[in-house]
Amino acid sequence: MCAQVVFAVLAAYLCGLFIPSACRDNLNYRPVIGVLAQENIIGDPHAQGPSYIAASYVKYLESAGARVVPIRITGSYEDYVKIFNAINGLLLPGGNVDIQKSQFSRVSKIFYDLAIKANDASDYFPIWGTCQGFQQLTVLTSNKNLLTLTDTKAVALPLTFALGAENSRLFKSFPKDLLLSLAQENITSNFHSWSLSVQNYTRNAKLKRFYRILTTNTDGRKEFISTMEAYRYPFYAVQWHPEKSPFEWIDKPGMIHSLSAIKASFYTASFFVSEAMKSQHRFLDQKEEEEALIYNYSPVFKGLSSIFMQNYYFD
Ligand SMILES: *[C@@H]1O[C@H](CO)[C@@H](O)[C@H](O)[C@H]1NC(C)=O
Ligand SMILES: *[C@@H]1O[C@H](CO)[C@@H](O)[C@H](O)[C@H]1NC(C)=O
């Protein structure tokens, strides 16, 4: 740290510039992001072992310059502390498990608590939640399940941006024309039965203090939060599915493959990877890193009518 500061001050002096945030330019250009596995869907004919990760989440992160480490759901607390200290961010994917009783929720809580502690100690660690991951984050922050049923299964919607959301951390680097597409075109894929209503968010002090609403949607009866970011932590959540547009191909309503939808997908991934680049966590050595990476596993093709084209399975 000291050597870096001395170097930065020296560099700033030599350039004739004053850089107050010298240390923050110290980005990690080899980010590794953990993706949490979850209990297999009951009756999955391809399942091997107790858990899976849909390959679309892996490709989504890889497309934006990160490598992926799968996180199994059967580990001990000590296993997860070790992984936490080696990875630069966590993605909680979509799926269909109990967000209060599953192993997925147990492991989410371990990482969430570690991330809060780390960030409080200026050890940057971002978390991204998609769909079920969004819902899991609301439970972790409020210690309650405040979700409500909405009619939002297999529908593509335009986002309603909250006032000033274009200046949020997440959206401020998006091109203006992309923000316009997100606001005007039906390009965000919604595949959820449960949602966090604006009403329940507003009534819950923990959620309201923790997260800033960036976008909302409605099913025609209830207004719900579709994108949010934490005020004081690098935590981000989308109720929609940016990874589906480029990487999932089931032919049904709500699936969108337009150029603007794919661009929106990439910009969300790129933003999260840029957050992971601010984390300095690392594996102890190359051997540990090599053994942990997703490249050790092969995804299984599930067929064109599957909700996930390819899954990774874990024992
Ligand atoms: C608020 O949360 C409760 C669960 O605590 C749920 O039963 C209810 O439907 C929610 N109401 C709205 C409007 O979201
Ligand atoms: C487009 O979005 C609107 C909400 O703004 C929704 O009512 C409509 O069902 C959507 N259309 C499609 C084809 O998904």
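Taken together, the values in this text are just the output of simple stated rules run on the coordinates, not laboratory data. Values in this document were obtained by computation on a predicted structure and should not be read as measured data. No Cβ is skipped: glycine too gets one built from the backbone with ideal geometry, and neighbour counts run over all protein chains shown.
Its Cα gyration tensor gives the stretch 31-314 an equivalent ellipsoid. The semi-axes, each the square root of 5 times an eigenvalue, are 26, 22, 19 Å from largest down.
When each of Tyr231, Tyr80, Tyr312 is scored by the number of other beta-carbon atoms lying within 10 Å, the sequence from fewest to most is Tyr231, Tyr80, Tyr312. The distance between label points at Glu290 and Leu259 comes to 4.3 nm (points 7 Å beyond Cα on the Cα→Cβ vector). When Ile41, Ile83, Ile294 are sorted by how many other C-beta atoms sit within 10 angstrom of their C-beta, beginning with the fewest, the order is Ile41, Ile294, Ile83. Computed from the Cβ-Cβ distance with R0 of 25 Å, the FRET efficiency linking Gln184 to Ile250 stands at 0.50.
Each Lys or Arg adds one and each Asp or Glu takes one away; over the other residues whose Cβ falls under 12 Å from the Cβ of Ala237, this sums to 0.
For the stretch 153-229, the pair-distance distribution built from all alpha carbon pairs, in bins 5 Å wide starting at 0, is 3, 15, 25, 25, 18, 11, 2 percent.
Using a cutoff of 8 angstrom between alpha carbon atoms and counting only pairs six or more residues apart, the relative contact order for the stretch 31-314 works out to 26 percent.
Under the simplified labelling scheme, the Ser122-Thr74 pair shows an inter-label distance of 4.2 nm, with each label point 7 Å from Cα along Cα→Cβ.
For the residue pairs Lys176/Lys263; Lys82/Lys117; Lys222/Lys244, alpha carbon separations beyond 20 Å are given by Lys222/Lys244. What the phi angles of the stretch 87-99 give under the Karplus curve with 6.51, -1.76 and 1.60, with θ = phi - 60°, is a coupling list of 9, 10, x, 9, 10, 9, x, x, x, 8, 10, 6, 7 Hz, glycine and proline written as x. Using +1 at the C-beta of Lys and Arg and -1 at the C-beta of Asp and Glu, which of Tyr52, Gly94, Pro246 has the Cα lying farthest in the positive direction of the dipole of the chain? It is Gly94, whose Cα lies furthest towards the positive end.
The aspartates and glutamates whose alpha-carbon is closer than 15 Å to the alpha-carbon of Lys109, local same-chain residues fewer than 8 away aside, are Glu78, Asp79, Asp98. Among the listed pairs Lys144/Lys287; Lys153/Lys302; Lys153/Lys208, those whose Cα-Cα separation exceeds 32 Å are Lys144/Lys287.
For the chain, hydrophobic long helices are taken as DSSP H runs at least 20 Å long by C-alpha position along their axis with mean Kyte-Doolittle hydropathy of -1.0 or more; these are 103-120, 259-276. Only the Cβ atoms of Lys and Arg (+1) and of Asp and Glu (-1) were treated as charged; on that basis the dipole of the chain about its Cα centre amounts to roughly 860 debye. Once backbone amide H atoms are built at 1.01 Å from N, Val35 has Val69, Ile71, Leu91 as its partners under 5 Å, excluding neighbours fewer than 5 places away on the same chain.
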